[in-house]
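Here the structure comes first, spelled out in structure tokens, and everything after it is commentary.
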Amino acid sequence: MGRRLGLLIGINQYQDSSFRPLRYAETDARAIAHWLVNSRGGRWNPSEVQLLLGPQATRQCAEQWLMRLCLQTAGPDDTLFVYFAGHAFLDEGRAEGYLALADTFYHQPASGLPLAPTLLQVFGRSPARAIVCVLDCFQTGSLWGQRRTSPFDCRPLPGPTLLATLQQLPNRFLLCSCRGNEFAAEQGEQNVGMLAHRLLLGLCGGAADPTSGQITFQRLSLYLQQNLGEQQRPQLFGQGLGPVVLVGEEPPLELSPSAATATAGGSGQPGLQQMPAAPGLAPPQAGYQVGQLSPLAQASTGIAQLSPQQPATPAATPTAEQQATLLLQQARFLLQQQRPTEALNCLERALQLTPTNAAALLLKGQLLGSAGRFAEAMQAVEQVLRQEPGNALAWSTRAALLANMGQFEEALQAIERSLTLDPHNSETQTIKSAILVKMAVAQTPAAPPSAPLPGASAGQAAPAAGGRETSAGPATPDSRQGVARRGRALLTSLALQIVGLGLGLVGAWLAIKHPGAPTVVPLTIEGLGLALLCANALSGCYFDGLWRFVPISLTSLLTAAVPAYLLLTQSGRARLAGLVEANPRGFTAIQFILLWFGLVAVLPLLLALVGLVSGWLRGARRR
């Protein structure tokens, strides 16, 4: 069986403020990577799944890992899975699609990863048996609105050339989803994005083949299209020859007409046979929702649905048993009316009459769990299990409570016990899937760093899946990068200020000392100095902000002091008169020099303010 290789990238914060911060992108990539390598999940080899998060996901790093895995590591029997969660934009000049990495700037498209050329190279040259690329992107920029055919259309990102090529390459898939855009914000569920949540539910069994238990990419993509809303519903491009198995044993490579799948004319809709929606595909209902038990509005029917064989209560007097039954029915009715406190009182009274009533104990446990009183709820469930160890409903209720308490391993053991007792219960299957999803989101155990990038030093290794991002990645931490950049900006500004002022002083010296020389020479030199100072002020403050503005403002104050001293003070006027008397022919040159100093004091400062404000408004500031 071939290997399964993975590259997962997630970016929440960008250096360029043109890309708004995302909430779930890094969590999505981390959760999917953790599930793939988990022993209870995909069981992929951790050393063959690479995870790039936040500052580590630079353009160079992402491109190097992609090329390395696709062109150097992958073999003819291997399957490659690529997942990207972040921003995507279109070049305003040529309308080409780009993925925005951590160091990408919107107005510098070359700093992003060009999608079509990159995937054309990867898809065409890689020897891998199958490549699956999932793009969960926030659509940034005004050009999307001109290119989309629907509010959440993803077609402009790959472009027509790549889409046409995908129809000619077997087992090369591109699945695109809209994380958000100018019409809709990023959405999440259980602390992960909507696409990632449904993808994990599908991998946890929602998209499994009922006969073999395999989860193929074809079934997973169809499951996503059937279970996501308009915004996140993915578009699938590419054609397949045989199933691409993501979870489970690989089948023999046998091609048949029924096994081949393709997109319908590149429409973005898969040409697959319709898979019937199983009841367990929906999130847990009626008091069994992992993350927070629901208010049990439908608890009266939820219990009967979860356990086809209700536990029988021990013998009691007919009057007591009848009263307890009536109180239990009343409690269920009160829950439907959203009156949990009164329902709990009815259950307590019923249990006083029949202390071992399993149905009342389980309903009490669910009700206490929905209120966050997990310890008390667990006591009620444990009492049922002591009485009836074979009660499937009690085991599934215990699993939901343990998951809400963060005890995922114990919760999985309990839900497996429930499935052993009642293997065809779809609601219990849903609870298991939800536990696995929550476990993948909550747990990210540390792992040793993987092999370094091609051409990178030993200290620049990217983390393996499941590991937390560290400062030893291919990109240095933001704080150190920021300090170094600000230092360079300050030194650059000072150097340019000195050169500009030096040119002006040289021109002034030539005009005064050699009044007979051609006037154009000193004027040209002084003009170059003034132009250099103005250009430095405008561009420097536009990109680097206050770190270039501070030395510029100081220079303006110093140069303004020269004409102010010569014209406004008595000693200054005396010196100026002495210069004119000593060199009458240089009077015009002295006037121009005073004008030059005045312009140097005013123009660069005004341009610096313009650059400072416009850079902030357009989000071009370097950090």
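The values are calculated or read from the model by the stated rules, or taken from the named source; none is laboratory data. All values reported here derive from a predicted model rather than from experimental measurement. Heads up, the Cβs are rebuilt from the backbone with ideal geometry, glycines too, and the neighbour counts pull from every protein chain shown.
Quick notes on this one:
- LEU533 part of a helix (DSSP H, G or I) and under 53 Å from the mean Cα position of the chain (by Cα): yes
- Any hit, segment 545-567, residues being within 40 Å of the chain's Cα centre (by Cα), under 21 Å from LEU612 (Cα atoms) and not in a helix (DSSP H, G or I): yes
Listed here are the residues, each with its yes/no results for (1) in contact with a Cys (Cβ under 8 Å, 6 or more places away or on another chain); (2) buried (at least 17 other Cβ atoms within 10 Å of the Cβ).
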{"position": "GLY145", "(1), (2)": "no, no"}
{"position": "SER150", "(1), (2)": "no, no"}
{"position": "PRO158", "(1), (2)": "yes, yes"}
{"position": "LEU195", "(1), (2)": "no, yes"}
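- All positions within segment 75-125 that are in contact with a Lys or Arg (Cβ under 7 Å, 6 or more places away or on another chain) and in a helix (DSSP H, G or I): SER111, PHE123
- Some residue of segment 114-132 being of a type in the set (D, E, K, R) and either over 30 Å from ARG219 (Cα atoms) or at pLDDT below 90 (or both): no
- Condition check for ALA207 on (1) more than 19 Å from LEU115 (Cα to Cα); (2) surrounded by fewer than 16 Cβ atoms within 10 Å (Cβ to Cβ): one failure, at (2).
- Restricting segment 365-424 to residues that are over 17 Å from CYS204 (Cα atoms) and among the aromatic types (Phe, Trp, Tyr) leaves a set whose member that is surrounded by the most Cβ atoms within 10 Å (Cβ to Cβ) is TRP395.
- Criterion violated by LEU166 - all others in (1) within 18 Å of ASP16 (Cβ to Cβ); (2) modelled with pLDDT under 95; (3) surrounded by 21 or more Cβ atoms within 10 Å (Cβ to Cβ) satisfied: (1)
- Some residue of segment 200-214 being outside any helix (DSSP H, G or I) and under 16 Å from the mean Cα position of the chain (by Cα): no
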